[in-house]
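This report concerns only the one structure given below.
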Amino acid sequence: EKGGYDYFMLKEIAEQPKAVADTLLGRIDGAGSLTLDEVRISASELREVDKVVIVACGTAFHAGLIAKYAIEHWTRIPCEVELASEFRYRDPILDQQTLVIAISQSGETMDTLMALRHAREQGARVLAICNTNGSTIPRESDAVLYTHAGPEVAVASTKAFLTQLVACYLVALYLGQVRGTKWGDEIHAVIRDLAHIGGDVERVLETMEPVRQLARSLAHKNTVLFLGRHVGYPVALEGALKLKELAYMHAEGFAAGELKHGPIALIEDDLPVVVVVPSPRGRSVLHDKIVSNMQEIRARGARTIVIAEEGDEAVVPYADHLIRIPATPTLLQPLVATVPLQVFACELATARGNEVDQPRNLAKSVTVE
Ligand code: F6R
């Protein structure tokens, strides 16, 4: 049942801190190391992996795009991410040393299932990240890491996405841990931060009223653009996908660096543009670049809706609307930055009179290719 909420989607957004914590439960030991024995691919096999290929669809694909940054950074293993529906039909190069990760909430998505069958035929090992116990994708995989989001009823994925991210970080950190990389200290620090990230998600949820107000004020708009860099780029794609499926609006996500290669031509007076700003700490060069992107679009009339870390004052002059998120390590930021975009899309859909839990033309589980 909806537990007092008007929609399952609202309930599922609110459940995210718990879903994240449940997905971490039992996987971080007292010493701050990961224990993923359930994955049943031995440490020696994982040390032999020379390529990771992630296959998924929709929102799960966006989780995969974020995983690539984490896997390549912490493990130095090359990682590709591909839409399952494209992967299967292009004769991909795979062998026994390839680890294929299939991400699926339902575990029944036909495109993802066909991709993993093809991968196993080529001799690759397949690890499923899945939210549904005993579903087809984990049954047909060599190993599975379950997300513990609980049942997701709303068609638009929210809490499953956050737990997919957690599972992806766990796999990336675990691969880094068993293979031993120069990032050992960073890996330990991130595991510690991850253990508390549910509290950060909770804090974001407590500050969403201005986001809802903003969404209602934009209900008459036709287009919303989303910009991000690094892991903020897939977050932008996810924000745009949520808005398409729920609000039936034209929404597009771009890598902010691509603006000048075309999309900037779309900017016109009062066009809402959501900008996901990377942390000014850490990879600060990314931050400086996005600040100049904001200057460029604002000079052309865009109305900027800026998602930025608490204490980031450099963005203030360029933000028509400012949404604050807690400071996190750069790679973990999607866990907090996605939440306002979910709330934004849900509220816009409601304001436009759309059916939030059952958007037109969509099904929760897509069991045809
Ligand atoms: C978006 C959404 C879809 C699914 C996609 C994959 O909100 O729900 O894009 O993410 O159909 O579904 P699963 O994860 O069940 O394989």
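The values are calculated or read from the model by the stated rules, or taken from the named source; none is laboratory data. Bear in mind the structure is a predicted one, so any value in this text is a computation, not a measurement. Counting neighbours? That spans all protein chains shown, and the Cβs are built from the backbone with ideal geometry, glycine included. Accessible surface is based on the protein model in full, side chains and every heavy atom, while ligands, DNA and RNA are left aside. Shrake-Rupley method; radii C 1.70, N 1.55, O 1.52, S 1.80 Å.
Annotations for the structure displayed:
- With eigenvalues of the C-alpha gyration tensor scaled by 5 and rooted, the stretch 77-207, Å: 26, 21, 12
- Axis angle, to the nearest 10 degrees, between helix 184-195 and the longest C-alpha principal axis of the chain: 60 degrees.
- Cα long-axis angle, helix 159-179 against the chain (0 to 90 degrees, to the nearest 10): 50 degrees
- Gain on full extension, evaluated as 0.36 nm per residue between Asp6 and Ser42 minus their Cα-Cα distance, stands at 8.4 nm.
- Positive-end ranking of His220, Leu243, Ala195 along the dipole of the stretch 189-245, with charges on Cβ about the Cα centre, is headed by His220.
- 3J(HN,Hα) along the stretch 235-240, derived from phi through the Karplus expression 6.51 cos²θ - 1.76 cosθ + 1.60 where θ = phi - 60°, amounts to 4, 4, 4, 5, x, 5 Hz, with x in place of Gly and Pro.
- Cβ-placed point charges (K, R +1; D, E -1), dipole of the stretch 47-88 about Cα centre in debye, nearest 20: 100 debye
- Listed residue (Ile305, Pro151, Gly262) projecting farthest to the positive dipole end of the chain, Cβ model: Gly262
- Integer Hz, Karplus 6.51/-1.76/1.60 couplings in order for the stretch 62-79, x for Gly and Pro: 5, 4, x, 4, 5, 4, 4, 4, 5, 5, 5, 5, 7, 10, 6, 8, x, 9
- Extended-chain gain in nm, criterion 0.36 nm per residue less alpha-carbon gap, Gln358 and His220: 47.6 nm
- Note, ³J(HN,Hα) from phi for the stretch 286-293, Karplus 6.51, -1.76, 1.60, rounded to Hz, x at Gly and Pro: 4, 5, 4, 5, 6, 4, 6, 4
- Cα-based convex hull, the stretch 59-149, per residue volume (Å³, whole number): 92 Å³
- Too-long pairs where the Cα-Cα distance tops 31 Å, listed order kept, from Lys182/Lys242; Lys18/Lys364; Lys68/Lys244; Lys18/Lys289; Lys182/Lys364: Lys182/Lys242; Lys18/Lys289; Lys182/Lys364
- Model label sites at Arg120 and His73, defined 7 Å from Cα along the beta-carbon direction, differ in position by 3.3 nm.
- Solvent-accessible heavy-atom area per residue, rounded to whole Å², over the chain at 1.4 Å: 39 Å²
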